[in-house]
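In what follows, a structure is listed as structure tokens, so that the remarks can point back to it.
The values are calculated or read from the model by the stated rules, or taken from the named source; none is laboratory data. Quantities reported herein were computed from a predicted structural model and do not represent experimental measurements. Here Cβ is always computed from backbone atoms with ideal geometry, including for glycine, and neighbour counts include all displayed protein chains. Note: accessible area is taken over every heavy atom of the protein model, side chains too, but ligands, DNA and RNA are not part of it. Shrake-Rupley method; radii C 1.70, N 1.55, O 1.52, S 1.80 Å.
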Amino acid sequence: EMGSYKKINEHGERRSFVYSIAIWFLRAILNTFFRSVYIVGEEKFPTTGPTIVVANHSNQFVDGMMLQVQCQRPISFLIAEKSMHRPVIGDLARIMGAVPVVRRKDIAVKGKGTISEVKTKSIPNEKQQGTTTDYILIVGKDTEFQKQFQPGYQIEIDKTILSVKQILSDTELLIDEKSIDDQLRHTITSSSSGVKFRSLPKVDHSTMFSAVYKTLESGGCIGIFPEGTSTDHTKMLEFQAGVAIMAFGAKAKGIDVKIQPVGLNYFKGHRWRSRVVMRYASPLTIPEDIFELHKTNKKEASNKLLCLIRESLESVTFQAPSYGVARVAHVCRDLYADSKQLTIEESVELSRRFAYAYEKLSEKPEVAAGYEAVKNYSKKLDALGINDKDVRALVDYGRLKTIGHLLLHLLFIIFAFPLSVIGMVWVGPIVFIATMKSKQEMVTAKAGAPSTKVKGLDVVASKKVVIGSILIPIFYLLYLAIGTLINELLLQNNDSITASIFHWVTPILIAIGIPIYLQVGLLAGDKVRESVRAVRRLFISLWNSHVATELQKERQVLHDQIVAIVDKYISELDFPDRVLTFENEESYVETFTEAM
């Protein structure tokens with residue numbers, strides 16, 4: 001069989017021929033969807049030995065594809081068992097050796113009746129005679145708790161999941177928590193008709209863990225997203241215990257496992273031709289004191305290890321409390337750096353630190369005022385269709401020179417636009433179909449998991465990629481067939497030697513030319529968009545020079561304001577590492593990054 005052929009890669013790991021074809025296919029798809037992928041710190045990734053790869057999960061299936069393609073080692077990702085039945089995704093997952101995981105929420109059962117009350121119930125303490133412990137008692141109406149629950153099950157009420165300790169009757173359920181969220185309590189007590197619920201059965205994960213340990217014992221890579229589900233929140237969700245259980249279990253079996261955090265930073269990652277920055281943190285190992293603690297207190301040890309993993313991931317990902325803060329942090333980065341040319345690593349890191357600084361200092365009057373000023377400045381830029389870098393580039397060339405630059409960009413657009421149209425003829429129908437379907441998927445995802453979604457943007461790119469991976473080969477064969485048919489019609493009734501040559505050569509040229517045609521069109525489209533932005537900027541300089549002047553003055557004021565805030569509060573921020581450097585130049589930017 002084709003899949004049985006194996007070859008050894010540069011890391012000494014065996015890859016099947018089918019796997020190599022799948023990687024080539026994924027690379028082609030991702031290179032079409034994303035304009036660029038920047039990789040920072042790749043040398044930190046362990047080239048051999050048992051490794052657990054952990055990453056933030058902000059772009060659904062695309063996250064796994066990106067890691068699989070870029071990490072240069074085969075990774076067996078844990079994937080929801082229901083995803084194994086999806087077209088394309090399931091096929092690729094099997095080829096990549098993914099480990100299916102049955103999740104409670106995927107096999108949840110709709111509860112009969114409703115939840116009507118929340119009480120506190122005192123239960124005798126078995127370990128300390130004569131004492132009692134207070135637990136939460138869930139009271140149902142027209143429920144069948146004894147049929148729908150068992151100890152070890154969970155109950156989901158209004159998107160909140162609680163562990164079941166004991167089933168007292170068909171209408172009384174004891175929860176293994178001593179308190180519940182006030183919002184949930186209010187939702188239940190204030191509802192006149194009761195609150196709906198779901199029963200989440202206990203799942204046996206022994207088969208999954210066996211597959212994980214087998215892979216690690218053979219020196220392979222396991223991939224997992226600790227958040228447990230993808231999200232478009234600007235901060236990572238709470239980590240699930242799975243990665244800690246795996247790491248402790250592997251170490252207990254004598255496996256010297258490393259944990260490799262990888263940060264995936266997308267710049268409008270749900271859009272076609274967006275950018276990605278992958279940042280590798282230093283690999284982690286389980287500290288001996290935490291491993292020893294695990295022998296006596298598994299929960300506390302797991303929480304400590306999860307904290308280490310989270311801290312490491314937060315150091316290589318952009319985190320912000322909201323979309324508004326995220327936007328302001330990016331603008332502050334550009335305002336602060338001013339004319340300094342930032343590398344992509346410096347750009348991501350400086351944004352990350354501004355977002356962190358705002359979280360720490362948001363109650364300071366100067367910080368709050370600065371935030372509002374930058375937000376208002378951003379709104380002005382949005383209204384004009386430009387960004388801060390465009391404002392910085394609003395140089396007064398003089399009227400004649402500005403017109404010259406404008407004409408050059410317009411000539412380039414006239415020249416390159418037909419090439420970009422060539423690409424759109426090929427991908428246009430695919431883009432349209434994928435965009436429409438992804439919007440439907442976004443709405444469905446948000447409705448199904450409102451607690452983990454803001455807009456549902458995390459599922460958009462995956463839907464586009466899946467549809468693109470199906471439609472691109474279909475359209476390729478369609479255009480190849482059309483080209484071949486036209487060639488046959490043109491050569492009909494022509495028996496010359498030249499016609500015979502073209503009869504065979506033309507289909508081959510078409511087959512080779514279509515991918516080149518697509519790539520040229522995509523690159524031309526990227527350049528056309530850049531020139532359109534430049535034209536917009538030059539029009540402002542030429543016909544709205546007073547607007548340009550006012551924006552540049554406002555920008556300088558904001559720049560000075562941000563520098564003053566940094567200088568005043570820098571001592572209250574604690575960043576032990578110095579990531580950003582500017583060669584041959586000592587400036588306030590260098591001082592800020594050294595202290596932060």
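Please verify whether Leu168 is farther than 25 Å from Ala447 by Cβ, in contact with an Asp or Glu (Cβ under 7 Å, 6 or more places away or on another chain), at pLDDT 90 or above and aliphatic (A, V, I, L, M), treating the condition exactly as stated. It is false that Leu168 is farther than 25 Å from Ala447 by Cβ, in contact with an Asp or Glu (Cβ under 7 Å, 6 or more places away or on another chain), at pLDDT 90 or above and aliphatic (A, V, I, L, M).
Where helices (runs of 4 or more DSSP H) fall entirely within region 355-458, those with at least 3 residues that are modelled with pLDDT of 90 or more and open to solvent by 30 Å² or more (accessible area, probe 1.4 Å) are at 365-384, 399-448.
Residues Lys304, Lys235: which one is more than 23 Å from the chain's Cα centre (by Cα) and not aliphatic (A, V, I, L, M)? When all the criteria are applied, what remains is Lys304. Confirm whether Val557 is under 20 Å from Ser339 (Cα atoms), at pLDDT 80 or above, of a type outside the set (Asp, Glu) and assigned to a helix (DSSP H, G or I). It is true that Val557 is under 20 Å from Ser339 (Cα atoms), at pLDDT 80 or above, of a type outside the set (Asp, Glu) and assigned to a helix (DSSP H, G or I). Checking the stated criteria, Ala461 turns out to be open to solvent by less than 50 Å² (accessible area, probe 1.4 Å) and touching a strand residue (DSSP E or B) at 6+ places or on another chain (Cβ under 9 Å).
Taking Ile259 as the residue in question, decide whether it is at pLDDT 90 or above and open to solvent by 30 Å² or more (accessible area, probe 1.4 Å). It is false that Ile259 is at pLDDT 90 or above and open to solvent by 30 Å² or more (accessible area, probe 1.4 Å).
Per-residue answers, yes or no, for (1) more than 28 Å from the chain's Cα centre (by Cα); (2) surrounded by 15 or more Cβ atoms within 10 Å (Cβ to Cβ); (3) within 16 Å of Asn265 (Cβ to Cβ):
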| position | (1), (2), (3) |
| --- | --- |
| Pro283 | no, yes, no |
| Pro287 | yes, no, no |
| Leu308 | no, yes, no |
| Ala326 | no, yes, yes |
| His330 | no, yes, yes |
| Ser339 | yes, no, no |
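Among the residues of region 69-96, just one is in a helix (DSSP H, G or I), open to solvent by 30 Å² or more (accessible area, probe 1.4 Å), in contact with a helix residue (DSSP H, G or I) (Cβ under 9 Å, 6 or more places away or on another chain) and not charged (D, E, K, R), namely Ile95. Residues of region 487-513 that are surrounded by 16 or more Cβ atoms within 10 Å (Cβ to Cβ) and closer than 19 Å to Tyr476 by Cα: Asn487, Thr506, Pro507, Ile510.
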